[in-house]
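Here is the structure we will look at.
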């Protein structure tokens, strides 16, 4: 009985987090394309429960943004390292983590960022303040507007330069 209640609570939490994080893959893709025009592949790391919805969004985004989207779904933490290695093998890729509070949490964001740093693959998330964990950029909805927060230390480490126009649209969390 307790296990069933835990599963229902977990599912409700994931559904609630999906509603709160309502920016679309297309919106995020346009931001990625504008800020990093050399990106060809957006590698989306998601919880298995969000895979179907994000795959559909990614298919639509691919038609509109002309970027290639690959969805990497995980159902537990042990799968993350394998998916990160798959992402590392993609050329001209940017990793996009669709966070949750269970598997794709702060610890996972740090792990993914560290593993992709040696390949100089930028990491973006849809949660506020993940820039403080070392990712390049957070893109999320705040009061009905899309917020873009950046980490300038990560920019430097990755060898990325954003245009002055793009920087003017961003909040710098880490100088």
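Quick note: the coordinates plus some simple rules give every number you see, no bench work behind them. Please read all numbers here as calculations on a predicted model, not as lab measurements. No Cβ is skipped: glycine too gets one built from the backbone with ideal geometry, and neighbour counts run over all protein chains shown.
Helix 106-117 sits at what angle to the longest principal axis of the chain, using alpha carbons and giving 0 to 90 degrees rounded to 10?
Rounded to the nearest ten degrees, it is 40.
With label points built 7 Å along Cα→Cβ from the Cα atoms of residue 157 and residue 30, find their separation and express it in nm.
Result: 3.1 nm between the two label points.
Here are several values of Cα extents along the principal axes in Å: (1) 56, 36, 34; (2) 63, 33, 32; (3) 87, 34, 21. Which one was derived from the coordinates shown?
Only one option fits the structure, namely (1).
What is the angle, in °, between the Cα long axis of helix 25-35 and the longest principal axis of the Cα atoms in the chain? Nearest 10 is fine, range 0 to 90.
20 degrees
By how many nm would the segment from residue 59 to residue 76 grow when fully extended, if each residue of separation counts as 0.36 nm and the alpha-carbon distance is taken off?
3.7 nm
Kirkwood hydrodynamic radius for the stretch 31-92: how many Å is it when counted over pairs of different Cα atoms?
Evaluated over the stretch 31-92, this radius sits at 12.3 Å.
Rounded, prolate or oblate, given the Cα gyration tensor of the stretch 104-175, with a/c below 1.5 counting as rounded?
oblate
For helix 2-20, what angle does its Cα long axis make with the longest principal axis of the chain, in degrees from 0 to 90 and rounded to 10?
So the inclination is approximately 30 degrees.
Calculate, for residue 86 and residue 167, the FRET efficiency according to 1/(1 + (r/R0)^6) with r their C-beta to C-beta distance and R0 41 Å; round to the nearest 0.05.
Efficiency, rounded to the nearest 0.05: 0.85.
On full extension of the chain, what length is gained from residue 102 through residue 66, given 0.36 nm per residue of separation minus the C-alpha to C-alpha distance?
Additional length available on full extension: 9.8 nm.
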